[in-house]
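Working notes, beginning with the structure itself.
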Amino acid sequence: MESTELSQEKYDKLRAYAVKSVIEYDSSPEEVVRVLEKGGMTPEQAQGVIQEMKDANIFNMKRQVEKKDRGAAYRKIAIGALFLVGGLIITILTYANASGGGRYVITYGAIIWGAIKLIDGLTDLK
């Protein structure tokens, strides 16, 4: 469907849809051109949108988001492990010091929270 005139509103909607399809569905430039032309853009307009998207690094955005998500997952794992191990160390040290009949601390809050955070981070990596 070839159209000589494309309203600015329709052009903007098609361009927004193109960006969304690349970010959410990892569409290739060729797929985006097909969709834009089917929506009423001329091949030149579609190539112009593709060039704008390349200039704005849109085609690499999904990978950047995935890297950011992986970074957040690794932070969760590190924090969870820190609390889990820290809680265990405090519990073990206070128990060892109390072996002659004193009091000791069980840091179950830090241990449980650390384990949950660690598991949450590990599931985010998948």
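Listed values for region 39-45 are Karplus-derived 3J(HN,Hα) couplings in whole Hz (6.51 cos²θ - 1.76 cosθ + 1.60, θ = phi - 60°), namely x, x, 7, 6, x, 5, 5, and x replaces Gly and Pro. Where Lys and Arg each count +1 and Asp and Glu each count -1, what net charge lies around L82 among other residues with Cβ under 13 Å from its Cβ? That works out to +3.
At a 1.4 Å probe radius, carbon and sulfur cover how many percent of the accessible area of the chain?
Working: 5320 of 8900 Å².
For the chain, the apolar C and S fraction of the accessible surface comes to 60 percent.
Dipole magnitude for region 38-126: about 200 debye, using +1 per Lys or Arg Cβ and -1 per Asp or Glu Cβ, origin at the Cα centre.
Non-local lysine pairs in the chain, meaning eight or more places apart or on different chains, with alpha-carbon distances under 23 Å, amount to 26.
Peptide packing: for 7-20, 36-49, the average count of neighbouring Cβ atoms within 10 Å per residue gives the ranking 36-49, 7-20, highest mean first. Just the Cα atoms of the chain, one point each, no solvent: what log10 I(q)/I(0) does Debye give at q = 0.12, 0.16, 0.18 Å⁻¹? Summing over Cα pairs of the chain leads to -0.62, -0.80, -0.89.
The values are calculated or read from the model by the stated rules, or taken from the named source; none is laboratory data. This is a predicted model, so every value here is computed, not measured. Methodologically, a virtual Cβ is constructed for each residue, glycine included, from the backbone with ideal geometry; neighbour enumeration extends over all protein chains shown. Side chains are part of the model used for accessible areas, which takes the heavy atoms of the whole protein and leaves out ligands, DNA and RNA. Shrake-Rupley method; radii C 1.70, N 1.55, O 1.52, S 1.80 Å.
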